[in-house]
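Structure, as C-alpha coordinates:
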Amino acid sequence: MLQKRIKKILKTVDLSSTEKIISEKILQGERLTIEEGLFLYQNSSLHFLGLLANFVKQKINGKKVFFNKNFHLEPTNICIYNCKFCSYKRRFGDSDAWDYSIEQMLELCSKYKNTDVTEVHITGGVHPHYNVLNYCTLIKKIKQILPNIHIKAFTAVEIDYMCKKARMSTQEGLLKLKECGLNSLPGGGAEIFNEEIRNLVCDEKSSAKLWLNIHRTAHKIGIPSNATMLYGHLENYEHRIEHLNMLRDLQDETKGFNAFIPLKFRNFNNKLSHVPEVSTIEDMRNYAVSRLFLDNIPHIKAYWVMLGRSHAQMALAYGVDDLDGTIDDSTKIYTMAGVAERSPRMSSVEMVNLIKAANLIPVERDSIYNELNIFK
(Lines give C-alpha, C1' and ligand atoms only; values in the text may rest on other atoms or scores of the structure.)
Protein backbone atom coordinates (compact mmCIF):
# COMPACT_ATOMS: atom_id res chain seq x y z
CA MET A 1 0.00 0.00 0.00
CA LEU A 2 2.69 2.49 1.01
CA GLN A 3 4.88 1.40 -1.89
CA LYS A 4 2.06 2.04 -4.36
CA ARG A 5 1.40 5.46 -2.89
CA ILE A 6 5.09 6.43 -3.13
CA LYS A 7 5.25 5.22 -6.74
CA LYS A 8 2.20 7.33 -7.55
CA ILE A 9 3.76 10.43 -5.99
CA LEU A 10 7.08 9.85 -7.77
CA LYS A 11 5.29 9.79 -11.13
CA THR A 12 4.29 13.41 -10.55
CA VAL A 13 7.90 14.49 -9.88
CA ASP A 14 10.43 15.38 -12.56
CA LEU A 15 13.19 12.86 -11.81
CA SER A 16 16.54 12.32 -13.46
CA SER A 17 17.31 8.89 -14.87
CA THR A 18 19.59 8.20 -11.90
CA GLU A 19 16.87 9.19 -9.43
CA LYS A 20 14.45 6.84 -11.16
CA ILE A 21 16.93 3.96 -10.80
CA ILE A 22 17.63 4.81 -7.16
CA SER A 23 13.96 5.16 -6.24
CA GLU A 24 13.15 1.81 -7.84
CA LYS A 25 16.00 0.16 -5.92
CA ILE A 26 14.77 1.69 -2.65
CA LEU A 27 11.21 0.56 -3.26
CA GLN A 28 12.41 -2.96 -4.05
CA GLY A 29 14.65 -3.09 -0.98
CA GLU A 30 17.91 -3.21 -2.92
CA ARG A 31 21.18 -1.84 -1.60
CA LEU A 32 22.52 1.49 -2.83
CA THR A 33 26.06 1.75 -4.15
CA ILE A 34 28.56 4.29 -2.87
CA GLU A 35 28.11 6.23 -6.12
CA GLU A 36 24.34 6.31 -5.67
CA GLY A 37 24.66 7.48 -2.09
CA LEU A 38 26.98 10.24 -3.20
CA PHE A 39 24.55 11.21 -5.95
CA LEU A 40 21.77 11.61 -3.39
CA TYR A 41 23.92 13.93 -1.29
CA GLN A 42 25.02 16.02 -4.26
CA ASN A 43 21.98 16.17 -6.51
CA SER A 44 18.65 15.17 -5.01
CA SER A 45 16.01 17.52 -3.65
CA LEU A 46 15.09 17.42 0.01
CA HIS A 47 11.53 16.50 -0.97
CA PHE A 48 12.73 13.44 -2.92
CA LEU A 49 15.04 12.36 -0.10
CA GLY A 50 12.37 12.78 2.56
CA LEU A 51 9.82 10.83 0.57
CA LEU A 52 12.12 7.83 0.17
CA ALA A 53 13.65 8.01 3.66
CA ASN A 54 10.20 8.10 5.22
CA PHE A 55 9.23 5.06 3.14
CA VAL A 56 12.26 3.11 4.40
CA LYS A 57 11.62 4.18 7.99
CA GLN A 58 8.01 3.03 7.85
CA LYS A 59 9.00 -0.21 6.15
CA ILE A 60 11.34 -0.99 9.07
CA ASN A 61 9.50 0.51 12.06
CA GLY A 62 6.06 1.58 10.87
CA LYS A 63 4.96 4.87 12.42
CA LYS A 64 6.72 4.16 15.70
CA VAL A 65 9.16 6.68 17.18
CA PHE A 66 11.27 5.47 20.08
CA PHE A 67 12.62 7.09 23.22
CA ASN A 68 13.83 5.92 26.61
CA LYS A 69 14.10 7.23 30.16
CA ASN A 70 17.75 7.89 30.76
CA PHE A 71 20.32 10.09 32.38
CA HIS A 72 23.94 10.86 31.62
CA LEU A 73 26.92 10.51 33.93
CA GLU A 74 29.99 12.44 32.81
CA PRO A 75 32.88 11.49 35.13
CA THR A 76 35.22 14.25 33.95
CA ASN A 77 35.84 16.81 31.23
CA ILE A 78 39.60 16.55 31.75
CA CYS A 79 41.02 14.92 28.63
CA ILE A 80 44.39 13.96 27.24
CA TYR A 81 43.33 14.84 23.70
CA ASN A 82 43.02 18.22 21.98
CA CYS A 83 40.40 17.67 19.28
CA LYS A 84 39.86 20.86 17.28
CA PHE A 85 36.06 20.49 17.21
CA CYS A 86 35.72 20.01 20.97
CA SER A 87 34.22 22.63 23.29
CA TYR A 88 34.16 20.24 26.26
CA LYS A 89 37.78 19.39 27.11
CA ARG A 90 39.45 21.09 30.07
CA ARG A 91 42.80 20.76 31.83
CA PHE A 92 43.57 20.19 35.51
CA GLY A 93 43.14 23.50 37.31
CA ASP A 94 40.73 25.10 34.85
CA SER A 95 37.91 26.89 36.66
CA ASP A 96 35.21 24.95 34.79
CA ALA A 97 36.89 21.53 34.91
CA TRP A 98 35.37 18.70 36.92
CA ASP A 99 36.76 15.36 38.02
CA TYR A 100 34.17 13.48 40.05
CA SER A 101 35.20 10.89 42.60
CA ILE A 102 33.45 7.53 42.56
CA GLU A 103 31.53 8.61 45.67
CA GLN A 104 30.29 11.76 43.92
CA MET A 105 29.18 9.77 40.87
CA LEU A 106 27.36 7.25 43.03
CA GLU A 107 25.61 10.10 44.79
CA LEU A 108 24.39 11.36 41.42
CA CYS A 109 23.14 7.87 40.56
CA SER A 110 21.38 7.54 43.91
CA LYS A 111 18.92 10.25 42.83
CA TYR A 112 17.39 7.69 40.48
CA LYS A 113 16.68 5.00 43.05
CA ASN A 114 13.00 4.02 43.00
CA THR A 115 12.38 5.79 39.68
CA ASP A 116 11.46 4.36 36.29
CA VAL A 117 14.70 5.41 34.58
CA THR A 118 16.11 2.45 32.61
CA GLU A 119 19.52 3.62 31.35
CA VAL A 120 22.61 5.49 32.46
CA HIS A 121 24.84 6.78 29.66
CA ILE A 122 28.45 7.21 30.82
CA THR A 123 30.97 9.12 28.72
CA GLY A 124 33.42 11.93 29.34
CA GLY A 125 36.95 13.06 28.71
CA VAL A 126 39.81 10.57 28.39
CA HIS A 127 41.28 11.00 31.86
CA PRO A 128 45.03 10.40 32.06
CA HIS A 129 44.91 8.47 35.35
CA TYR A 130 41.95 6.07 34.94
CA ASN A 131 42.08 2.53 33.59
CA VAL A 132 39.67 -0.37 33.11
CA LEU A 133 39.80 -1.36 36.76
CA ASN A 134 38.78 2.11 37.93
CA TYR A 135 35.74 2.02 35.70
CA CYS A 136 34.93 -1.57 36.63
CA THR A 137 34.68 -0.43 40.25
CA LEU A 138 32.32 2.37 39.22
CA ILE A 139 30.10 0.05 37.17
CA LYS A 140 29.82 -2.57 39.91
CA LYS A 141 28.87 0.05 42.49
CA ILE A 142 26.27 1.63 40.18
CA LYS A 143 24.67 -1.80 39.78
CA GLN A 144 24.53 -2.14 43.56
CA ILE A 145 22.53 1.09 43.75
CA LEU A 146 20.50 0.58 40.55
CA PRO A 147 20.48 -3.18 39.97
CA ASN A 148 18.15 -3.09 36.97
CA ILE A 149 19.77 -0.15 35.15
CA HIS A 150 21.24 -0.66 31.68
CA ILE A 151 24.76 0.74 31.61
CA LYS A 152 25.68 2.16 28.22
CA ALA A 153 29.17 3.44 28.68
CA PHE A 154 32.47 4.55 27.18
CA THR A 155 33.35 5.54 23.66
CA ALA A 156 35.84 3.47 21.74
CA VAL A 157 38.41 6.22 22.35
CA GLU A 158 37.94 5.91 26.12
CA ILE A 159 38.11 2.12 25.93
CA ASP A 160 41.29 2.22 23.85
CA TYR A 161 43.07 4.35 26.46
CA MET A 162 41.74 2.61 29.57
CA CYS A 163 42.73 -0.81 28.20
CA LYS A 164 46.25 0.35 27.32
CA LYS A 165 46.56 2.00 30.73
CA ALA A 166 45.67 -1.33 32.37
CA ARG A 167 47.97 -3.24 29.97
CA MET A 168 45.04 -5.26 28.68
CA SER A 169 44.03 -6.09 25.13
CA THR A 170 40.78 -4.58 23.87
CA GLN A 171 39.03 -7.92 24.22
CA GLU A 172 40.34 -8.50 27.74
CA GLY A 173 39.24 -5.03 28.81
CA LEU A 174 35.79 -5.34 27.26
CA LEU A 175 35.25 -8.77 28.79
CA LYS A 176 36.22 -7.38 32.19
CA LEU A 177 33.84 -4.44 31.80
CA LYS A 178 31.05 -6.77 30.68
CA GLU A 179 31.66 -9.05 33.64
CA CYS A 180 31.31 -6.05 35.96
CA GLY A 181 28.03 -4.91 34.43
CA LEU A 182 28.64 -3.01 31.19
CA ASN A 183 25.67 -3.66 28.87
CA SER A 184 26.36 -1.68 25.69
CA LEU A 185 28.56 0.97 24.10
CA PRO A 186 27.55 4.39 22.82
CA GLY A 187 28.82 5.37 19.38
CA GLY A 188 30.94 8.41 20.17
CA GLY A 189 34.52 8.97 19.08
CA ALA A 190 33.89 7.87 15.50
CA GLU A 191 34.01 11.51 14.34
CA ILE A 192 34.85 11.07 10.64
CA PHE A 193 36.69 7.98 9.42
CA ASN A 194 38.56 9.51 6.49
CA GLU A 195 42.16 9.61 7.72
CA GLU A 196 43.07 12.87 5.98
CA ILE A 197 40.19 14.79 7.58
CA ARG A 198 40.58 12.93 10.86
CA ASN A 199 44.18 14.10 11.03
CA LEU A 200 43.00 17.68 10.60
CA VAL A 201 40.31 17.62 13.31
CA CYS A 202 41.49 15.01 15.85
CA ASP A 203 44.97 13.81 14.91
CA GLU A 204 45.83 12.58 18.43
CA LYS A 205 42.75 10.39 18.75
CA SER A 206 42.46 6.65 18.07
CA SER A 207 42.30 5.84 14.36
CA ALA A 208 39.19 4.91 12.40
CA LYS A 209 40.54 1.37 12.07
CA LEU A 210 40.88 1.11 15.84
CA TRP A 211 37.37 2.50 16.44
CA LEU A 212 35.90 -0.09 14.07
CA ASN A 213 37.92 -2.90 15.63
CA ILE A 214 36.80 -2.00 19.16
CA HIS A 215 33.16 -2.11 18.10
CA ARG A 216 33.77 -5.32 16.15
CA THR A 217 35.29 -6.90 19.25
CA ALA A 218 32.43 -5.69 21.44
CA HIS A 219 29.84 -7.13 19.07
CA LYS A 220 31.58 -10.48 18.90
CA ILE A 221 31.56 -10.87 22.70
CA GLY A 222 27.91 -9.88 22.97
CA ILE A 223 28.09 -6.14 23.68
CA PRO A 224 25.88 -4.20 21.26
CA SER A 225 26.60 -0.59 20.38
CA ASN A 226 25.56 2.50 18.49
CA ALA A 227 27.47 4.32 15.76
CA THR A 228 27.95 8.01 15.06
CA MET A 229 29.36 10.43 12.51
CA LEU A 230 30.40 14.01 13.23
CA TYR A 231 29.41 16.09 10.20
CA GLY A 232 29.44 19.72 9.10
CA HIS A 233 33.09 20.64 9.74
CA LEU A 234 35.91 20.04 7.23
CA GLU A 235 34.51 16.91 5.60
CA ASN A 236 32.68 16.68 2.28
CA TYR A 237 30.03 14.32 0.91
CA GLU A 238 32.61 11.81 -0.29
CA HIS A 239 33.96 11.55 3.25
CA ARG A 240 30.47 11.06 4.68
CA ILE A 241 29.62 8.25 2.27
CA GLU A 242 32.99 6.62 2.95
CA HIS A 243 32.16 6.73 6.67
CA LEU A 244 28.66 5.32 6.20
CA ASN A 245 29.97 2.55 3.98
CA MET A 246 32.52 1.45 6.58
CA LEU A 247 29.74 1.27 9.17
CA ARG A 248 27.52 -0.67 6.78
CA ASP A 249 30.30 -3.15 6.07
CA LEU A 250 30.90 -3.74 9.79
CA GLN A 251 27.18 -4.19 10.39
CA ASP A 252 27.08 -6.81 7.63
CA GLU A 253 29.82 -8.63 9.51
CA THR A 254 28.58 -8.38 13.11
CA LYS A 255 24.97 -7.11 13.16
CA GLY A 256 25.86 -5.39 16.44
CA PHE A 257 24.80 -1.79 15.82
CA ASN A 258 21.40 -0.80 17.22
CA ALA A 259 21.28 2.76 15.91
CA PHE A 260 23.15 5.37 13.91
CA ILE A 261 23.35 8.93 15.24
CA PRO A 262 24.57 11.78 13.02
CA LEU A 263 26.14 14.41 15.28
CA LYS A 264 26.21 17.99 14.07
CA PHE A 265 29.40 19.99 14.51
CA ARG A 266 28.82 23.05 16.69
CA ASN A 267 31.34 25.88 16.35
CA PHE A 268 31.13 27.64 19.69
CA ASN A 269 34.31 27.96 21.73
CA ASN A 270 36.59 25.55 19.87
CA LYS A 271 39.46 25.62 17.39
CA LEU A 272 37.10 25.30 14.41
CA SER A 273 34.96 28.28 15.36
CA HIS A 274 35.75 29.85 11.98
CA VAL A 275 33.83 27.05 10.23
CA PRO A 276 30.15 28.01 9.74
CA GLU A 277 27.60 25.51 11.01
CA VAL A 278 25.57 23.77 8.31
CA SER A 279 21.92 24.63 7.78
CA THR A 280 18.86 22.78 9.01
CA ILE A 281 18.25 21.75 5.39
CA GLU A 282 21.67 20.10 5.39
CA ASP A 283 20.83 18.35 8.67
CA MET A 284 17.69 16.86 7.12
CA ARG A 285 19.56 15.86 3.98
CA ASN A 286 22.10 14.02 6.10
CA TYR A 287 19.44 12.16 8.08
CA ALA A 288 17.64 11.10 4.93
CA VAL A 289 20.72 9.87 3.07
CA SER A 290 21.85 8.01 6.19
CA ARG A 291 18.51 6.21 6.38
CA LEU A 292 18.62 5.29 2.69
CA PHE A 293 22.23 4.12 2.68
CA LEU A 294 22.38 2.26 6.00
CA ASP A 295 19.96 -0.49 5.01
CA ASN A 296 21.17 -2.86 7.74
CA ILE A 297 21.05 -0.58 10.81
CA PRO A 298 17.50 -0.62 12.19
CA HIS A 299 17.30 2.83 13.80
CA ILE A 300 18.34 6.38 12.93
CA LYS A 301 18.47 8.66 15.95
CA ALA A 302 18.15 12.44 16.14
CA TYR A 303 19.79 13.49 19.39
CA TRP A 304 17.35 16.21 20.39
CA VAL A 305 19.80 17.90 22.77
CA MET A 306 22.08 18.57 19.82
CA LEU A 307 19.40 19.65 17.34
CA GLY A 308 16.85 21.29 19.59
CA ARG A 309 13.32 19.97 20.02
CA SER A 310 11.67 21.46 16.95
CA HIS A 311 14.43 20.39 14.56
CA ALA A 312 14.49 16.90 16.07
CA GLN A 313 10.75 16.74 15.50
CA MET A 314 11.29 17.85 11.89
CA ALA A 315 13.84 15.05 11.40
CA LEU A 316 11.05 12.52 11.97
CA ALA A 317 9.98 13.30 8.38
CA TYR A 318 13.47 12.47 7.05
CA GLY A 319 14.06 8.90 8.17
CA VAL A 320 14.52 9.37 11.92
CA ASP A 321 12.67 6.98 14.24
CA ASP A 322 14.41 7.63 17.58
CA LEU A 323 14.85 10.79 19.68
CA ASP A 324 17.16 9.40 22.39
CA GLY A 325 15.90 9.92 25.95
CA THR A 326 14.60 12.20 28.64
CA ILE A 327 18.20 13.14 29.70
CA ASP A 328 17.14 15.01 32.88
CA ASP A 329 19.60 17.88 32.40
CA SER A 330 22.54 15.54 32.94
CA THR A 331 24.84 16.28 29.99
CA LYS A 332 27.09 19.22 29.18
CA ILE A 333 28.80 18.00 26.01
CA TYR A 334 26.55 19.96 23.66
CA THR A 335 25.46 22.74 26.01
CA MET A 336 29.14 23.71 26.33
CA ALA A 337 29.24 23.85 22.53
CA GLY A 338 26.58 26.55 22.44
CA VAL A 339 23.36 24.72 21.56
CA ALA A 340 20.00 26.26 22.36
CA GLU A 341 19.00 23.52 24.81
CA ARG A 342 20.75 25.02 27.84
CA SER A 343 18.86 22.79 30.25
CA PRO A 344 18.44 19.49 28.39
CA ARG A 345 15.55 17.83 30.14
CA MET A 346 12.35 16.46 28.66
CA SER A 347 9.67 14.61 30.57
CA SER A 348 8.17 11.49 29.04
CA VAL A 349 4.89 13.41 28.66
CA GLU A 350 6.68 16.13 26.67
CA MET A 351 8.40 13.50 24.55
CA VAL A 352 5.12 11.73 23.83
CA ASN A 353 3.42 15.00 22.90
CA LEU A 354 6.30 16.00 20.62
CA ILE A 355 6.01 12.72 18.71
CA LYS A 356 2.23 12.71 18.58
CA ALA A 357 2.26 16.24 17.16
CA ALA A 358 4.08 14.75 14.15
CA ASN A 359 1.23 12.22 13.74
CA LEU A 360 3.47 9.36 14.79
CA ILE A 361 3.29 6.73 17.54
CA PRO A 362 5.50 7.26 20.62
CA VAL A 363 7.10 4.10 21.99
CA GLU A 364 9.07 3.97 25.21
CA ARG A 365 11.87 1.44 24.74
CA ASP A 366 14.70 -0.03 26.70
CA SER A 367 18.30 0.41 25.58
CA ILE A 368 18.17 -2.47 23.07
CA TYR A 369 14.78 -1.51 21.63
CA ASN A 370 12.47 -3.83 23.48
CA GLU A 371 9.15 -1.96 23.58
CA LEU A 372 8.03 -1.05 27.11
CA ASN A 373 5.06 1.23 26.49
CA ILE A 374 3.20 2.21 23.32
CA PHE A 375 1.27 5.50 23.47
CA LYS A 376 -1.54 5.22 20.92
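The values are calculated or read from the model by the stated rules, or taken from the named source; none is laboratory data. Since the structure is predicted, the reported quantities are computational estimates derived from the model, not experimental observations. For neighbour counting, all protein chains shown are included, and Cβ atoms are generated from backbone atoms with ideal geometry for every residue, glycine included. Please note that ligands, DNA and RNA were not included when accessible areas were found on the heavy atoms of the full protein model with its side chains. Shrake-Rupley method; radii C 1.70, N 1.55, O 1.52, S 1.80 Å.
Checking the condition of a type in the set (Asp, Glu), out of contact with any Cys (no Cβ under 7 Å at 6 or more places or on another chain), surrounded by 20 or more Cβ atoms within 10 Å (Cβ to Cβ) and more than 20 Å from residue 299 (Cβ to Cβ), which residue from 30, 19 passes? Working first, answer last.
Numbers: 30 fails: surrounded by 20 or more Cβ atoms within 10 Å (Cβ to Cβ).
Result: 19 is the single residue among 30, 19 that is of a type in the set (Asp, Glu), out of contact with any Cys (no Cβ under 7 Å at 6 or more places or on another chain), surrounded by 20 or more Cβ atoms within 10 Å (Cβ to Cβ) and more than 20 Å from residue 299 (Cβ to Cβ).
Mind checking whether some residue in region 77-89 is touching a residue at least 40 places away in the same chain (Cβ under 8 Å), crowded, with 19+ Cβ neighbours inside 10 Å and not in a loop (DSSP other than H, G, I, E, B)?
Filtering region 77-89 for residues touching a residue at least 40 places away in the same chain (Cβ under 8 Å) gives 77-88.
Going one step further and asking which of them are crowded, with 19+ Cβ neighbours inside 10 Å, we end up with 77-79, 83, 85-88.
Within this subset, residues satisfying the condition of being not in a loop (DSSP other than H, G, I, E, B) are 78.
Yes, region 77-89 contains at least one residue that is touching a residue at least 40 places away in the same chain (Cβ under 8 Å), crowded, with 19+ Cβ neighbours inside 10 Å and not in a loop (DSSP other than H, G, I, E, B).
If you take the residues of region 352-368 that are open to solvent by 30 Å² or more (accessible area, probe 1.4 Å) and touching a Pro at 6+ places or on another chain (Cβ under 7 Å), which of them is nearest to residue 149 (Cα to Cα)? Give the derivation first.
Quick first cut of region 352-368, residues open to solvent by 30 Å² or more (accessible area, probe 1.4 Å) only: 353, 356-359, 361, 366, 368.
Filter once more, keeping what is touching a Pro at 6+ places or on another chain (Cβ under 7 Å): 356, 368.
Details: 356: 27, 368: 12 Å.
That would be 368.
What are the residues in region 201-220 that are open to solvent by less than 30 Å² (accessible area, probe 1.4 Å) and closer than 22 Å to residue 169 by Cβ, if any? Reasoning before the result, please.
Initially, region 201-220 is screened for residues open to solvent by less than 30 Å² (accessible area, probe 1.4 Å), giving 201-202, 206, 208, 211-212, 214-215, 217-219.
Residues satisfying the conditions are 206, 208, 211, 212, 214, 215, 217, 218, 219.
Output the helices (runs of 4 or more DSSP H) that fall wholly within region 221-318 and possess 1 or more residues being under 26 Å from residue 357 (Cβ atoms), or say none.
On the way: elements: 237-254, 280-293, 304-307, 309-315.
In region 221-318, the matching helices (runs of 4 or more DSSP H) lie at 280-293, 304-307, 309-315.
Restricting to region 352-372, give me the number of residues that are part of a helix (DSSP H, G or I) and within 18 Å of the chain's Cα centre (by Cα). Break it down stepwise before answering.
Let us first name the residues in region 352-372 that are part of a helix (DSSP H, G or I), namely 352-356.
After this cut, where a residue has to be within 18 Å of the chain's Cα centre (by Cα) as well, the list is none.
Residues in region 352-372 being part of a helix (DSSP H, G or I) and within 18 Å of the chain's Cα centre (by Cα): 0 in total.
So residue 331 clears everything in (1) at pLDDT 95 or above; (2) within 17 Å of the chain's Cα centre (by Cα); (3) part of a loop (DSSP other than H, G, I, E, B) except one condition, right? Which one?
Residue 331 satisfies all of (1) at pLDDT 95 or above; (2) within 17 Å of the chain's Cα centre (by Cα); (3) part of a loop (DSSP other than H, G, I, E, B) except (1).
Working only within region 160-171, note down all residues that are closer than 13 Å to residue 217 by Cα and in contact (Cβ under 8 Å) with a residue 40 or more places away in the chain.
Scanning region 160-171 gives 160, 170, 171.
So residue 349 clears everything in (1) open to solvent by 10 Å² or more (accessible area, probe 1.4 Å); (2) within 15 Å of the chain's Cα centre (by Cα); (3) modelled with pLDDT under 95 except one condition, right? Which one?
Unmet condition: (2).
Can you tell me which residue among 61, 68 is touching a Gly at 6+ places or on another chain (Cβ under 7 Å) and in contact (Cβ under 8 Å) with a residue 60 or more places away in the chain?
Numbers: 61 fails: touching a Gly at 6+ places or on another chain (Cβ under 7 Å).
Among 61, 68, only 68 is touching a Gly at 6+ places or on another chain (Cβ under 7 Å) and in contact (Cβ under 8 Å) with a residue 60 or more places away in the chain.
Table: residues versus (1) of a type in the set (Val, Ile, Thr); (2) within 24 Å of residue 243 (Cβ to Cβ).
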site	(1), (2)
18	yes, yes
35	no, yes
49	no, yes
74	no, no
86	no, yes
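Could you please find all residues in region 33-45 being surrounded by 14 or more Cβ atoms within 10 Å (Cβ to Cβ) and either part of a helix (DSSP H, G or I) or not polar (S, T, N, Q) (or both)?
Matches in region 33-45: 34, 36, 37, 38, 39, 40, 41.
Tell me yes or no: at least one residue of region 211-226 is of a type outside the set (Ser, Thr, Tyr), under 16 Å from residue 263 (Cα atoms) and modelled with pLDDT of 95 or more. Steps first, please.
If we filter region 211-226 for residues that are of a type outside the set (Ser, Thr, Tyr), which is where we start, we get 211-216, 218-224, 226.
Right, trim to under 16 Å from residue 263 (Cα atoms) and you get 226.
When the remaining residues are screened for being modelled with pLDDT of 95 or more, the result is 226.
Yes - at least one qualifying residue is present in region 211-226.
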